Amino acid sequence: MKKISIILFALLLVGFNLSGLKLTDEERAMAVDHLKQTRDNLIASVDGLSDEQLNFKKSPESWSVAECVEHLAISEKMIGEMLKGTLQSPANADMRSEVKMSDADILAMITNRDQKIKTSEAFEPSGQFGDFEQSLEAFKTARKSHIDYMKETEDDLRNHYAQMPFGTIDAYQAVLFMSGHTARHNAQIAEIMESPDFPEE
């Protein structure tokens, strides 16, 4: 009887650990550092650009630097809302098997610009924030909120999930996706600025 009780207790502990995972110090630091780095890279890349430079397009179909920044502000808000949505339902360790991609896979996929992906209409820049400065400020405000959240959260981000076009990811990976998405468009901004026709001032 004593052995059975010990086994049952051990099983309960395993179940508790699976349904109540806390971020490791390494996971927390990695997410916070990546969120900060991609934010800082964006801010540095657009600092001091003139209106002509911000609105330059390589072609009529391509985005300008200003439109990339607006897209990032929209995405930061909407991915943040998706993250909050994943936490509305109870943590479910039984769904872990549906997460097929590693954290590194998520970052590699979203930052790879070899494959161009047309964004959905909801993420298209449309001047919704007013002007470039307001778009950048909206991004910075949302990113600060996400950094602060990742510094302090005790939510079980590994056992809450989001459905993406490429499969199921956990809530922690949604944060990495958000940050990696910024890196992707930082690279796009660099490509725009490297155009031979990019205004000198």
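The values are calculated or read from the model by the stated rules, or taken from the named source; none is laboratory data. Computed from a prediction, not measured in an experiment: that's the story for all the values here. Neighbour counts run over all protein chains shown; Cβ positions are idealised from the backbone, glycine included. SASA here: full protein model, heavy atoms, side chains in, ligands and nucleic acids out. Shrake-Rupley method; radii C 1.70, N 1.55, O 1.52, S 1.80 Å.
If you go through region 156-186 one residue at a time, how many are modelled with pLDDT under 95 and either under 26 Å from Val65 (Cβ atoms) or assigned to a loop (DSSP other than H, G, I, E, B) (or both)?
So the answer is 2.
Working carefully through the options Ser179, Ser145, Ser102, find the one that is open to solvent by less than 30 Å² (accessible area, probe 1.4 Å) and among the small types (Gly, Ala, Ser).
Working: Ser145 fails: open to solvent by less than 30 Å² (accessible area, probe 1.4 Å); Ser102 fails: open to solvent by less than 30 Å² (accessible area, probe 1.4 Å).
When all the criteria are applied, what remains is Ser179.
Restricting to region 28-62, count the residues that are modelled with pLDDT of 95 or more and outside any helix (DSSP H, G or I).
6
Hey, among Ala190, Ala122, Ala108, Ala138, which residue is in a helix (DSSP H, G or I) and either surrounded by 15 or more Cβ atoms within 10 Å (Cβ to Cβ) or among the hydroxyl-bearing types (Ser, Thr, Tyr) (or both)? Don't jump to the end; show me each part of the working.
Details: Ala190 fails: either surrounded by 15 or more Cβ atoms within 10 Å (Cβ to Cβ) or among the hydroxyl-bearing types (Ser, Thr, Tyr) (or both); Ala122 fails: either surrounded by 15 or more Cβ atoms within 10 Å (Cβ to Cβ) or among the hydroxyl-bearing types (Ser, Thr, Tyr) (or both); Ala108 fails: either surrounded by 15 or more Cβ atoms within 10 Å (Cβ to Cβ) or among the hydroxyl-bearing types (Ser, Thr, Tyr) (or both).
Exactly one of Ala190, Ala122, Ala108, Ala138 is in a helix (DSSP H, G or I) and either surrounded by 15 or more Cβ atoms within 10 Å (Cβ to Cβ) or among the hydroxyl-bearing types (Ser, Thr, Tyr) (or both), namely Ala138.
Output the residue which, of all residues in region 125-135 that are modelled with pLDDT under 95 and open to solvent by 80 Å² or more (accessible area, probe 1.4 Å), is nearest to Arg184 (Cα to Cα).
Only one residue tops the list, namely Ser126.
Conditions: (1) surrounded by 12 or more Cβ atoms within 10 Å (Cβ to Cβ); (2) touching a helix residue (DSSP H, G or I) at 6+ places or on another chain (Cβ under 8 Å). Thr153 meets all but one. Number of the miss?
Going through the list (1) surrounded by 12 or more Cβ atoms within 10 Å (Cβ to Cβ); (2) touching a helix residue (DSSP H, G or I) at 6+ places or on another chain (Cβ under 8 Å), Thr153 breaks only (2).
For residues that are among the basic types (Lys, Arg) and within 21 Å of the chain's Cα centre (by Cα), scanning just region 52-109, find the one that is farthest from Tyr149 (Cα to Cα).
Checked region 52-109; the qualifying residue farthest from Tyr149 (Cα to Cα) is Lys100.
Return the residue satisfying two criteria in turn: it lies in region 63-97 and is open to solvent by 10 Å² or more (accessible area, probe 1.4 Å) and not in a helix (DSSP H, G or I), and of such residues it is modelled with the lowest pLDDT.
This residue is Ser89.
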